[in-house]
Amino acid sequence: MLSCKEVTHLLSEAQDRKITLPERVNLEMHLAICKGCKNFKSQMSFLREACPVSYTHLRAHETVLDLVC
């Protein structure tokens, strides 16, 4: 079974790439028993929806903070 550290890393990666079936199975097994990681997943989803900034639209000298502030 995956550790919480591995799950948070995998959840972050899943934002940028399609995770494999074995990764998804291990992730779902962990999320079924770990409330902390389940909360982390929902917080990541909330932040992704609340901040829909596309990093591909940044110019070389810009940062996300330049767009927000």
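At 1.4 Å probe radius, can you tell me the per residue accessible area of the range 1-54 in Å²? Display every interim value, and only then the final one.
Details: 4010 Å² over 54 residues.
Accessible surface, normalised per residue, equals 74 Å².
Please give the contour-minus-distance gain from residue 6 to residue 21: 0.36 nm per residue of separation, less the Cα-Cα distance, rounded to one decimal in nm.
That works out to 3.8 nm of additional length.
Which net charge results for the neighbourhood of residue 27, defined as the other residues with beta-carbon distances under 14 angstrom from its beta-carbon, given Lys and Arg at +1 and Asp and Glu at -1? Let's see the in-between values first.
Values: positive: 5, 17, 18, 24, 38, 41; negative: 6, 13, 23, 28.
Here the charged neighbours net out to +2.
Note down the accessible area of residue 51, probe 1.4 Å, to the nearest 10 Å².
Counting only protein heavy atoms, the figure is 80 Å².
The values are calculated or read from the model by the stated rules, or taken from the named source; none is laboratory data. In this text, all values refer to a predicted model and were calculated from it rather than measured experimentally. Glycine gets a Cβ as well: all are built from the backbone with ideal geometry, and neighbour counts include every protein chain shown. Accessible surface areas use protein heavy atoms only, side chains included; no ligands, DNA or RNA. Shrake-Rupley method; radii C 1.70, N 1.55, O 1.52, S 1.80 Å.
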